[in-house]
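Have a look at the structure below, then the notes.
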Amino acid sequence: MIDAIDFQLIEAVQAGLPIAARPYAAIAAQLALSEQEVINRLMSLKTRGLIKRWGVVVKHRQLGYRANAMIVMDIPDAEVAAVGKLVSQQPCVNLCYQRPRQGETWPYNLYCMIHGKSREAVLRQWAALRESCGLSEVAFEVLFSRRCFKQRGALYRQPKREAGHG
Amino acid sequence: MLSALHKQLLNNYQQDFPLSPTPYRDIAEQLGVSEDEVLSAFQALSEQQMISRIGPVIAPNAIGNSALVAMAVPEADLNRVAELVSAYPEVNHNYERENRFNLWFVLIADHEAHLRAVIADIEATTGYRAMPLPMLADYFINLGFELNLHD
């Protein structure tokens with residue numbers, strides 16, 4: 001599905017494209033590829049859906065979006081896909097995943113994220129979402145983030161270079 | 001403060017940043033400004049930590065294996081545990097959240113065995129259970145994050 005050169009390319013761009021007139025040429029020079037091959041490969045990775053999006057990755061906190069809530073819900077298994085799709089279409093939601101329940105310890109199977117400028121704003125959006133998506137009977141918990149200990153883009157590496165790494 | 005150009009760069013290029021030899025010049029032409037203005041505006045956004053990068057967001061589990069992991073750590077021990085967790089190169093996000101499960105991080109490894117090994121190592125090193133919550137389905141279609149920068 002993806003070859004060694006694609007991996008090298010992802011490694012080279014994951015920290016960010018240079019802010020310079022010919023950024024793809026700069027990446028190409030590192031990898032001994034042509035500028036056009038770098039562009040073509042990135043386009044292909046995007047078309048094939050391995051790159052979900054290609055562009056500016058913003059830092060919410062610095063932009064005033066300091067309230068960030070992960071909301072977990074316990075949705076009947078038969079309905080989780082339909083509810084997930086509905087929730088993900090709400091404009092305030094920017095991530096929506098199904099994850100496995102962990103028995104009684106953690107019975108939730110649907111996760112979404114709401115970023116807002118204040119706790120109150122997030123809670124208002126969540127209340128409106130519950131109403132509009134018909135979730136008023138659903139068990140949920142709202143987990144506001146407190147401290148961010150680490151945030152960076154994912155680091156992907158070629159499997160062979162990971163061998164033996166703990 | 002953010003200029004009109006900064007706001008356009010933040011909101012309009014999260015999804016389809018140009019894949020052309022001269023992307024910053026293309027953006028400049030689209031916005032009716034000079035390439036130098038675009039370059040210096042992106043430089044400023046990057047220096048002020050308003051953007052983390054211009055680059056790829058990889059589809060979850062398209063390459064390697066990832067999982068969200070939660071831990072319930074006594075408040076008094078949270079700093080120590082968070083620091084140990086952040087030190088792993090496989091960890092890319094690590095947050096404190098208001099819950100009995102108060103430490104949440106995302107792990108990415110090249111394959112599932114590696115992922116399990118890292119989780120076991122974190123449990124051994126920190127002395128607390130780690131609850132892996134791998135993604136089963138991604139429902140999100142709208143890409144990027146629409147910022148309301150008008151207030």
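Just a few scattered comments:
- Flag if A:TRP126 is under 20 Å from B:ALA72 (Cα atoms) and at pLDDT 95 or above: no
- Taking the conditions (1) surrounded by fewer than 19 Cβ atoms within 10 Å (Cβ to Cβ); (2) closer than 15 Å to B:GLN15 by Cα; (3) modelled with pLDDT of 90 or more in turn, A:PRO18 satisfies each one other than (2).
- Those residues of region B:45-71 which are touching a Ser or Thr at 6+ places or on another chain (Cβ under 9 Å) and outside any strand (DSSP E or B), in sequence order: B:SER46, B:PRO60
- Filter pass, B:VAL57 being more than 20 Å from A:GLN98 (Cβ to Cβ), surrounded by 15 or more Cβ atoms within 10 Å (Cβ to Cβ) and either at the interface with chain A (Cβ under 10 Å from one of its Cβ atoms) or modelled with pLDDT of 95 or more (or both): no
- Single condition A:GLN90 does not satisfy, out of (1) outside any loop (DSSP other than H, G, I, E, B); (2) touching a residue at least 40 places away in the same chain (Cβ under 8 Å): (1)
- A:ILE75 being buried (at least 18 other Cβ atoms within 10 Å of the Cβ), at pLDDT 90 or above and not assigned by TED's automatic domain parsing to the domain that holds A:GLU131: no
- Checking B:GLN15, B:GLN49 one by one, the residue that is in contact with a Lys or Arg (Cβ under 7 Å, 6 or more places away or on another chain), of a type outside the set (Asp, Glu) and in contact (Cβ under 8 Å) with a residue 60 or more places away in the chain is B:GLN15 and no other.
- Filter result (touching a Phe, Trp or Tyr at 6+ places or on another chain (Cβ under 8 Å), of a type in the set (S, T, N, Q) and closer than 23 Å to B:PHE101 by Cα) within region A:83-130: A:ASN94, A:GLN98
- Within region A:1-49, considering residues that are of a type in the set (A, V, I, L, M, F, W, C) and in contact (Cβ under 8 Å) with a residue 40 or more places away in the chain, the one farthest from A:ARG152 (Cα to Cα): A:MET1
- Filtered by the rule that a residue be under 30 Å from A:VAL83 (Cβ atoms), at the interface with another protein chain (Cβ under 8 Å from one of its Cβ atoms) and surrounded by 20 or more Cβ atoms within 10 Å (Cβ to Cβ), region B:110-139 gives B:LEU133, B:TYR139.
- Among the residues of region B:8-36, those identified as over 25 Å from A:GLU37 (Cα atoms) and surrounded by 15 or more Cβ atoms within 10 Å (Cβ to Cβ) are B:GLN8, B:LEU9, B:LEU10, B:ASN11, B:ASN12, B:LEU31, B:VAL33.
- Subset of region B:12-45 (residues that are at the interface with chain A (Cβ under 10 Å from one of its Cβ atoms), of a type outside the set (A, V, I, L, M) and within 20 Å of A:ILE51 (Cβ to Cβ)): B:ASN12, B:TYR13, B:GLN14, B:GLN15, B:ASP16, B:PHE17, B:PRO18, B:SER20, B:PRO21, B:PRO23, B:TYR24, B:PHE42
- Hits in region B:10-44 - residues which are assigned to a loop (DSSP other than H, G, I, E, B) and over 22 Å from A:LYS46 (Cα atoms): B:GLY32, B:VAL33, B:SER34
- Residue count for region A:60-72, restricted to those that are out of contact with any Lys or Arg (no Cβ under 9 Å at 6 or more places or on another chain) and in contact (Cβ under 8 Å) with a residue 12 or more places away in the chain: 2
- The set of residues from region A:33-57 being β-branched (Val, Ile, Thr), within 7 Å of chain B (Cβ to nearest Cβ) and surrounded by fewer than 21 Cβ atoms within 10 Å (Cβ to Cβ) comprises A:ILE39, A:VAL57.
- Identity of the residue in region B:63-85, touching a helix residue (DSSP H, G or I) at 6+ places or on another chain (Cβ under 9 Å) and aliphatic (A, V, I, L, M), that ends up modelled with the lowest pLDDT: B:ILE63
- Breaking point among (1) over 30 Å from A:GLU120 (Cβ atoms); (2) out of contact with any strand residue (DSSP E or B) (no Cβ under 7 Å at 6 or more places or on another chain), for A:LEU86: (1)
- Which numbered condition A:HIS115 fails, given (1) at the interface with chain B (Cβ under 8 Å from one of its Cβ atoms); (2) in contact with a helix residue (DSSP H, G or I) (Cβ under 7 Å, 6 or more places away or on another chain): (2)
The values are calculated or read from the model by the stated rules, or taken from the named source; none is laboratory data. Note that this is a predicted model, so its numbers are computed, not measured. Backbone-built Cβ (ideal geometry, glycine too); neighbour counts: all protein chains shown.
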